[in-house]
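One structure below.
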Amino acid sequence: WHGTHIAGTIGAETNNGAGTAGITIHGPIEPVRVLGNQLTGEDVDIMDGIVWAVGVHVDGSPDNVAPARVVNLSLGGPTDDASQQFWDENLAAVLALDSHPIIVVAAGNSDEDAAGIVPANVAGMITVGAVSIQGTRASYSNFGANVTIMAPGGDEGTDINADGQPDGVLSTVNPDFDFRDGTSMATPHVAGVAALLLAVNPTLDQAGVAAILKESADHNGECNEGCGGGWLDAVNALLTAGGSVQEAATMTTDVTTVTFPQGFQTENVNVLNLGNAPFSFTATIDGAQADLFTVSPS
């Protein structure tokens, strides 16, 4: 549902002729459920989910053997003194970890200053507002000095490009795909780009990612109410982080070892072109047991 839609924007399978394309193409997603029915939950459960995701021990749960570098928080609510102190102290501790996790937070959908929304207003957060298909601040999106950057959030109530579909964000929803809107949908666009920035420069921390996002943003997306650096610009962000355009074709695969668990007869291997030129390939199987295996397409 809500989380599946967000995860699809970050890492849905790409070039498979179905639905939509994830920003990280095939990046691993680690879903951590912290909310229940009607998207409600307790601050302490959400925080336990965050610290577990980044590799900190949480009593009563097995340790996370694959800590996340980027945490997407498409959630929030009105602040009060107790919750503000809770979020301020705990998120500061997370950002201080030696693993340098990146935390990306939704600004909220109440058309107000994000200063009143937690955790969007916590110091140091990468806080994301939403723009419509027209590139202006979506009518629902929160704003203000706490907003770092704006990203596509959509508007299901319009069809400005007259394509017969709502102007929302298309992503994965069990069992298919659907349009949704909100700063929840804008936030994973930024989280996905943050993951790409770490692929270019793994040493980046929260402040470094935030600075690159703001420096590389399209400043036409700024607004009087406070829209941070403007529109998210993924390509410019990657170039700013030290990436370069690879003119030649560069072939790779998403795995170097294929393991067949008991009962499994097929496994997928994605062949990727990391360059900027076309290429072709042929897959063959060698070895003493080659006749036991086939590969398709070759």
Scan segment 203-224 for residues that are surrounded by 15 or more Cβ atoms within 10 Å (Cβ to Cβ), touching a residue at least 60 places away in the same chain (Cβ under 8 Å) and part of a helix (DSSP H, G or I) and jot them down.
Gln206, Val209, Ala210, Leu213, Lys214, Gly221
Sort through Asn268, Asn273 and tell me the only one that's open to solvent by 40 Å² or more (accessible area, probe 1.4 Å) and out of contact with any Ser or Thr (no Cβ under 8 Å at 6 or more places or on another chain).
Asn268
In segment 235-246, is there at least one residue being of a type in the set (A, V, I, L, M, F, W, C), open to solvent by 40 Å² or more (accessible area, probe 1.4 Å), modelled with pLDDT of 90 or more and under 16 Å from Ile25 (Cβ atoms)?
yes
If we scan segment 186-193, do we find a residue that is surrounded by fewer than 24 Cβ atoms within 10 Å (Cβ to Cβ), at pLDDT 95 or above and either of a type in the set (A, V, I, L, M) or more than 15 Å from Asn72 (Cα to Cα) (or both)?
no
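Rundown of residues vs (1) under 25 Å from Phe179 (Cβ atoms); (2) assigned to a loop (DSSP other than H, G, I, E, B); (3) in contact (Cβ under 8 Å) with a residue 12 or more places away in the chain, yes/no style:
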residue: Ile6; (1), (2), (3): yes, no, yes
residue: Asn16; (1), (2), (3): yes, yes, no
residue: Gly19; (1), (2), (3): yes, yes, yes
residue: Ile23; (1), (2), (3): yes, yes, yes
residue: His26; (1), (2), (3): yes, yes, yes
residue: Ile50; (1), (2), (3): no, no, yes
residue: Val56; (1), (2), (3): no, yes, yes
With the structure loaded, tell me whether Ser74 is open to solvent by 40 Å² or more (accessible area, probe 1.4 Å) and among the hydroxyl-bearing types (Ser, Thr, Tyr) or whether it fails that test.
no
Count of segment 89-124 residues which are without any contact (Cβ under 8 Å) to a residue 40 or more places away in the chain and either part of a loop (DSSP other than H, G, I, E, B) or touching a His at 6+ places or on another chain (Cβ under 9 Å) (or both):
7
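The values are calculated or read from the model by the stated rules, or taken from the named source; none is laboratory data. All figures in this text were calculated on a predicted structure; none of them were measured in a lab. Cβ atoms come from the backbone with ideal geometry, glycine included; neighbour counts cover every protein chain shown. With ligands, DNA and RNA removed, areas are computed over all heavy atoms of the protein, side chains included. Shrake-Rupley method; radii C 1.70, N 1.55, O 1.52, S 1.80 Å.
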